[in-house]
Structure formats: structure tokens, C-alpha cells
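Taken together, the values in this text are just the output of simple stated rules run on the coordinates, not laboratory data. Owing to the predicted nature of the structure, the values given are computational and were not obtained by experimental measurement. Note that each Cβ is placed from the backbone with ideal geometry, even for glycine, and that neighbours are counted across all protein chains shown.
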Amino acid sequence: MQLHGRDDDIKLLWSKLRELTKKKDGNDEDAIKNHHVGEMILVSGTSGTGKSALIQKGLGDPAASHGYIFASGKFEDKLHSPLSAFSNAMTCLAKYITIEHNKMGELPSGGPSIATLIRNKIQNEFDEEDVEQLRRVLPGCAELLGARRSSLICPSSQADVAAHRGGPDSRLGSLNLLGGKESISRMHYAVRRLLKIICSQLKGVVLFIDDLQWSDTATLDLLKSIFLDGEIPSLLIVGAYREDEVPE
């Protein structure tokens, strides 16, 4: 798709992408101070106005050429599956890390691959209960999360069984089991910790969530939690939505 008259918008997106590197590699006082400031961009417009194409042109294409990871997920109309688009974006991110980085082999220094470093930090810093919760909420990240430390699994409901088997309710299983603000907060904290580990090992990460007008409350609450965290390095969250289809 040709993007006529969108040069200023593309330049703005490029500038946000460049800031990821400055915040991670910068040595000046402002760069250090802003290193952990959360970044989020929302792009709105009616259907067919080129929102997704703009984000691909302004972020997706340059991200690939500069060594950043661009991972996307998309909500579908009438498919009410909590966290589905975020989970798909995280699956895309995890697959890139486990497949593309593993193709590169070990680091030039002779150390382990990026995927191995991330997996080891997850195994060292998370308890098994939190890892299991991440497996249910983000089933596409299972390989990156590493092998289970114990085979003793005691599902407490049909939703939990589906989650462990990777069935159609696997994304919903954790949400069905949470049952309270405290558990939801713990899930948010686990996802934020996971992103901190991943982003600290990468040059930059862009998570693009498309068609937010069809999103769910669980996703919006999680995105808000990530944005307000303030300690996730080199992460840019981008959302696109149809302004004429946002629920009242």
C-alpha cells in the first residue's frame, strides 16, 4: 500500500524507534534517567485508512534492518478470547528468539545464545507456580520458558486441564482460574518480569497490537500495567484501533 502524505507520521515513528537505542546505549544523564521510561503509541483512524501499513512502514521495516524485534498480534471481530492478540504477539517474539537467534549459534564471545541466557534467567528468577501461570496465559512462549521442573501437575478444573494440554481454552484457562485482584496482579507482575528479562537481552522490542477496538478488559489492564511499570528497557508498545468502532 502506498502511503501518500504520511511522511511526517513515518518520521515520528522512526524517531520513537531510534529512542530505544539511545535509552539503552546512551551515556548522558538524560538517556540514563529516561532509560526505563515506558513507551506506548496509539494510532487511530477509520477502517481502510492505512493504520497497519503506516506502522509497518514506520516501525516494522526499519526495526528489522536495525536489529530490533517487531512482534505483532491482532484482535479478531467476534472472537472474544481474553489476551489473544497480546498472546499472539508474545508468541511471535518468543519464536524469533528461539529460532532466529539460535540460528546464529553462540555469541561471538563464546557464551550461550540469547535464547539460552533468557531461559536460564527465567528458570533462576521465577518460581514454578509463576512459570506455570505464564505457560497458561502465553502458551506460545512455552519453549522459551524452559522445561517444567516437576511432572507433578494437579489440575483443579477443566480449564486448567485444557491449559496444560494446549487445548482451545489454553489462553482462557489462567483467567478462569485467577479469581481475584491479587491473582490478576500477580499475573501482571509475572508478565512484566518476563518482558524485563527478554528486553534486557535484546537491542529493542516493538510489540504491535492491532484492532484494539475489539480488545478485552484483561488486555487493556495488562497493557496499562506494562506501560506504568517504568523498568522494562527498550520496549515500545504500539496499538492501532478504529476510532469509529470503539465501544461507548
*Once you have the Cα-Cα distance between residue 46 and residue 15, take 0.36 nm times their residue separation minus that, and quote the gain in nm to one decimal.*
8.7 nm
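Which FRET efficiency value, to the nearest 0.05, is calculated for residue 147 and residue 189 with the Förster distance at 35 angstrom and r the Cβ-Cβ distance?
E between residue 147 and residue 189, to the nearest 0.05, is 0.95.
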*Using per-residue counts of other Cβ atoms within 10 Å, averaged over each peptide, order 78-86, 191-199 from highest down.*
191-199, 78-86
_Under a crude label model (7 Å from the Cα following the beta-carbon direction), how far is residue 225 from residue 246 in nanometres?_
2.3 nm
*What shape does segment 193-248 have by the C-alpha gyration tensor, where a ≥ b ≥ c are the square roots of the eigenvalues, rounded means a/c under 1.5, and otherwise prolate means a/b greater than b/c and oblate the rest?*
prolate
*By how many nm would the segment from residue 7 to residue 203 grow when fully extended, if each residue of separation counts as 0.36 nm and the alpha-carbon distance is taken off?*
68.0 nm
_Check which residues have an amide H placed less than 5 Å from residue 72's amide H, if you skip close sequence neighbours._
208
*Treat each spin label as a single point 7 Å out from the Cα along the C-beta direction, and report the residue 128 to residue 182 distance in nm.*
2.2 nm
*Which links in 74/95; 74/121; 11/203; 196/224; 57/121 stretch past 23 Å when you go from one Cα to the other?*
74/121; 57/121
